[in-house]
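Enquirer: One structure follows; several queries about it will come next.
The values are calculated or read from the model by the stated rules, or taken from the named source; none is laboratory data. Only a predicted model underlies this, so the values are computations on that prediction, with no experimental measurement involved. So basically every Cβ, Gly included, is an ideal-geometry build from the backbone, and we count neighbours across all protein chains shown. When the accessible area is computed, the model is the full protein with side chains, heavy atoms only, and any ligands, DNA or RNA have been set aside. Shrake-Rupley method; radii C 1.70, N 1.55, O 1.52, S 1.80 Å.
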Amino acid sequence: MRSSDSIIKKTEHFGAANYKPKDVVIHNASGVMVYNPEGEEFFDLLSAYSALNFGHRHPELIEAAKQQLDKVTLTSRAFHNSVLGDFYESLCALTGKEMILPMNTGAEAVETAIKTARRWGTDVKGVEENKQEIIVCENNFHGRTVTIVTMSTEESARRGFGPFTPGFRPIPYGDAEALEKAITPNTVAFLAEPIQGEAGVIVPPEGYLKAVRKICSENNILMIADEVQTGFARTGKMFACDWEDVIPDIYVLGKALGGGVLPVSAVAADRDILGVFEPGSHGSTFGGNPLACAVALKAIEIVQRDDYPKQAREKGEYFIKKLREIKNNDIVEIRGKGLLIGVEFNCSAEGYVQALIANGVLAKETRENTIRFAPPIIISYEQLDEAIKRIKKALEK
Ligand SMILES: *Cc1c(COP(=O)(O)O)cnc(C)c1O
């Protein structure tokens, strides 16, 4: 077996430096645990930014993939495949929406939602073509395409990548009044994360989503919830919007939808919205492929059958309570919902992340001074206790 060091050297030599991974090589994994080539064990408390809600290699997801691998993996959308309809039906039932448009990555689903809203704006609302506006939030994270980084307020995500896409207007997050003020006759949608993940697990003030829902309805603009990270039980409800009993017009889904096995994303909305697409107007070679559908179908089944929302809610409460017992004056706030938890420091969190890794716990800082803990939802209480013991050791001085 090659050493972690030699693997890292090669990876850094040949690869573009658009990421700065921690010095851990994951060679194999099972459930919550991952292992480096040297055989050392780590708790994965990041879960690939919530793509691994089911843990690594959930046996039923792997089995579903294997069975589909023996039938057909890719058909393109030039032809029908025998799994896509079942996937649609089950995701419609989960979201309560009438239609699905499948893509692969989260960014593609966000792009799809933007296209949907713009077309809906011209075709249904009657906004003049090329005048549609979408209101977005400061410190958002919706992905990495040129149009999406147009919406970003993060300089490192934008520098040198212009010219940007017109038609977006950022407002402060968590401020419903700002939304009301920003609306013009050309506004077609408001796009936001119900909890901002990459921004450092920013939970908006209570009542915000409800107020947003009301404002959107009153002004005939679409409420688009980017639940790529928060969806699929992560925050202790199936969707983070459920915390305020809010139903957005469009759900944007990704990450855990693929069961941590492969990229699967989708937009879910009713017919009067997703009906704006006709053949040729949008698509993806891999979107809705039978392998992806088979895995996602199983993922949707498991998340409901095993009541992942309840698991995330209860384990999250337990975890956050234990985290709050940690004595460290550098910690200014511990916040979150379900198993999406942010620990904010009054200094750079990088040293603490190193200490966690040295103690066998994988996590990463987001926006410099916040560590995000998002363990797989399947984590057991025994594993949580052991992980907390190690976190305590790493964070208490
Ligand atoms: C990760 C993420 C995306 C982008 O997903 P990719 O699969 O990386 O393109 C979009 N929105 C949110 C909220 C995310 O967390």
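Enquirer: Got at least one residue in region 141-158 being of a type in the set (K, R), open to solvent by 50 Å² or more (accessible area, probe 1.4 Å), over 22 Å from G200 (Cβ atoms) and within 25 Å of the chain's Cα centre (by Cα)?
Expert: no
Enquirer: Now a separate question. Looking at this structure, is E365 open to solvent by less than 50 Å² (accessible area, probe 1.4 Å), free of Cβ contacts under 8 Å to residues at least 24 places away in the same chain and outside any helix (DSSP H, G or I)?
Expert: Here the answer is yes, as E365 does meet what is asked.
Enquirer: Would a scan of region 85-102 turn up a residue that is closer than 25 Å to I377 by Cβ, within 15 Å of the ligand (Cβ to nearest atom), out of contact with any Lys or Arg (no Cβ under 7 Å at 6 or more places or on another chain) and assigned by TED's automatic domain parsing to the domain that holds I183?
Expert: Yes, region 85-102 has at least one match.
Enquirer: Please enumerate the residues belonging to region 245-267 that are closer than 18 Å to L209 by Cα and either open to solvent by less than 10 Å² (accessible area, probe 1.4 Å) or not assigned by TED's automatic domain parsing to the domain that holds K115 (or both).
Expert: If the condition is that a residue be closer than 18 Å to L209 by Cα and either open to solvent by less than 10 Å² (accessible area, probe 1.4 Å) or not assigned by TED's automatic domain parsing to the domain that holds K115 (or both), then V246, P248, I250, Y251, V252, L253 are the ones that fit.
Enquirer: How many residues, within region 35-52, are more than 16 Å from the ligand (Cβ to nearest atom), assigned to a loop (DSSP other than H, G, I, E, B) and either at pLDDT below 95 or open to solvent by less than 60 Å² (accessible area, probe 1.4 Å) (or both)?
Expert: 4
Enquirer: Filter region 222-233 for residues that are open to solvent by less than 10 Å² (accessible area, probe 1.4 Å), touching an Asp or Glu at 6+ places or on another chain (Cβ under 9 Å) and either at pLDDT below 95 or part of a loop (DSSP other than H, G, I, E, B) (or both) and give the result.
Expert: E227, T230, A233
Enquirer: From the list I148, I171, I202, exactly one residue is out of contact with any Ser or Thr (no Cβ under 8 Å at 6 or more places or on another chain), within 28 Å of L262 (Cβ to Cβ) and not aromatic (F, W, Y). Which is it?
Expert: One residue alone meets the criteria, I148.
Enquirer: Go through (1) under 23 Å from K237 (Cα atoms); (2) of a type outside the set (F, W, Y); (3) not assigned by TED's automatic domain parsing to the domain that holds C92 for L297 and report which single condition fails.
Expert: Only one criterion in (1) under 23 Å from K237 (Cα atoms); (2) of a type outside the set (F, W, Y); (3) not assigned by TED's automatic domain parsing to the domain that holds C92 is unmet by L297, namely (3).
Enquirer: Inspect region 288-303 for any residue being assigned to a loop (DSSP other than H, G, I, E, B), open to solvent by 10 Å² or more (accessible area, probe 1.4 Å) and hydrophobic (A, V, I, L, M, F, W, C) and give the result as yes or no.
Expert: For region 288-303, residues assigned to a loop (DSSP other than H, G, I, E, B), open to solvent by 10 Å² or more (accessible area, probe 1.4 Å) and hydrophobic (A, V, I, L, M, F, W, C): absent.
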